[in-house]
1. Can you put HIS453, HIS256 in order of accessible area, largest first, using a 1.4 Å probe?
2. Using 0.36 nm per residue, how much length does the chain from ALA330 to PHE471 gain when fully extended, once their Cα-Cα distance is taken away?
3. List the relative contact order of the range 38-129 as a percent without decimals, with contacts defined as Cα pairs under 8 Å and 6+ residues apart.
4. If you average 1/r over every pair of different alpha-carbon atoms in the chain and take one over that average, what Kirkwood value in Å do you get?
5. Suppose accessible area is computed on protein heavy atoms with a 1.4 Å probe; arrange TRP86, TRP367 from highest to lowest.
6. Check which residues have an amide H placed less than 5 Å from LEU6's amide H, if you skip close sequence neighbours.
7. Can you give me the % of accessible surface on the range 364-495 that is carbon or sulfur? Probe 1.4 Å, all protein chains present, nothing else counted.
8. For ARG66 paired with ASN42, estimate the spin-label separation in nm (one decimal), with each label point 7 Å from Cα along the Cα-to-Cβ line.
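The values are calculated or read from the model by the stated rules, or taken from the named source; none is laboratory data. Because the structure is a prediction, the values reported are computed rather than measured. Cβ: placed from backbone, ideal geometry, glycine included. Neighbour counts: every protein chain shown. Note: accessible area is taken over every heavy atom of the protein model, side chains too, but ligands, DNA and RNA are not part of it. Shrake-Rupley method; radii C 1.70, N 1.55, O 1.52, S 1.80 Å.
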Amino acid sequence: MDKKSLRGYPLIVSYLGLFSILIGMIIIFPLIMVVFYPEEINQIVYFLPTGLTLILFGLISKFLFRGFEKERLERHQDTILVVLLWIFAIFASAIPFILTGNYNLAQAVFETSSGYSTTGLTVVDVTQASHVFLFYRSVLQFVGGAGLVLVLTATISDKFGMRMYNAEGHPDKLMPNLIRSGRYILAIYLGYVFVGTILYIIFGMTPFDAINHSICAVATGGFSTKAQSIGYYQSVPIEIVTIFLMIAGGTNFFVHLLIITGKWKSALKHIETKSFFIIAIIGVAISTLSIIGYTNETFGQSLRIGAFHFISALTGTGYQIMPSFTSLNAVFFGLIIIGMIMGAGIGSTCGGLKQYRVGLGIKSIYWSFADRVTHKNVIKKHFINRLGNKMIVTVNDIAENYAFILVYLIFLMIGTVIFSIYTGESMQFALFEFASALGTVGLSVGITGYTAHPVILWTSTIGMFLGRLEFYVFFIAISKIIIDAKRQIKHSLEH
């Protein structure tokens, strides 16, 4: 007997059912902390029923679609699945927070969006939260950092996974298929988390704090178990380890693979590697000088503050060692905003514009001037070095790059205005906070938080969501849904 085929939106629903099982497991996993903190056994009621319900839903879905042969997703339906998967994961994972009775829907969704998008803005009072919930937040950032699609699809099938992974904003393939790419990414990811945890313990963190901070540093997420973030420890070695982990997390996973396989020259020639270190050196230097110029700090302390916070902003991590950003001098404050907008590497765990786009933008400006002074009959090809290979840059590549930058800046402006209107804060504070949300960074001047207006929380949530998925995925998905809906309505009217 021939199997019935499953395609289109029923196929999307069937995949969401399978993903439901894995999201349920993600929600249940933090209960492992009960083994180490048995006094928190009461936390089970927030996680276990939710996780089991999602797993049951997935099993029922699997049963209903048994006997069907899964076809390939149609063009752009992979983007629809990615968007629906993220929305489903964010709202489902918010349920444990809501069940505590301490968080409303806006707050809970804000927190899980911050987790999966590896932002780090939070409504949780970490001094009052249980170890289970603190670890849960770190688990969300671990999954979001590796790539929600990677973690979920790599455990199911490679049939369409690579297309979804690319749609999520990871254009570079480590290996020809998702399974092998997934293995390498997770191995690199877990390796850094392990090394970071050991180093943190050596330099004075408790094992619980060490594993959480290591996960969130490599994920460039910035969730902390301490209200003062990394500043709680007042330890230069811990800060140096954190900087190393933040840079590692903000580097394209393919660059890590090049380094591991001994291809150092290819890694160093990569446009993002060069852009990142040039911008980091300039940013840290100016930050240090601005702190010296406006405070009584020594050079060593100014370098410590300037380097840590600029790298934290540039990598989109959001860890901090200063108690507040509201009293910063204008130069340093502006540099932090610029760093948050730029971001680090494509194919890393960070957000922002990404160094590839920044580097291509700078190069295209240079090419524009150079072409103007070159004889009009001379035709030049422009190249960039990407992942060890010289690649031709077309006019279309440059146009798409500027289009993305423009869209990003438009959304940044809209969010900034909303923040300023609903909080009464200055535009510079509003810009700082929304740049942090849109760039999935997590540094804050206090606008977002537990008592924030729901409009602020939902605006931040949308910013984190769009910033993590890089806009176009969402736009393409919505456009595809609208086109399909119009086609279906037209078909229904004709028949």
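1. Details: HIS453 85, HIS256 10 Å².
Accessible-area ranking of HIS453, HIS256, largest first: HIS453, HIS256.
2. Working: separation 141, 0.36 × 141 = 50.76 nm, distance 3.01 nm.
So the extension gain works out to 47.8 nm.
3. On the way: 37 pairs, mean separation 22.2, N = 92.
Relative contact order comes out at 24 percent.
4. Numbers: mean 1/r = 0.0426 Å⁻¹.
Result for the chain stands at 23.5 Å.
5. Details: TRP86 5, TRP367 25 Å².
From most accessible down to least: TRP367, TRP86.
6. GLU69, LYS70, GLU71
7. Numbers: 4990 of 7570 Å².
Carbon with sulfur: 66 percent of the solvent-accessible area.
8. 4.2 nm
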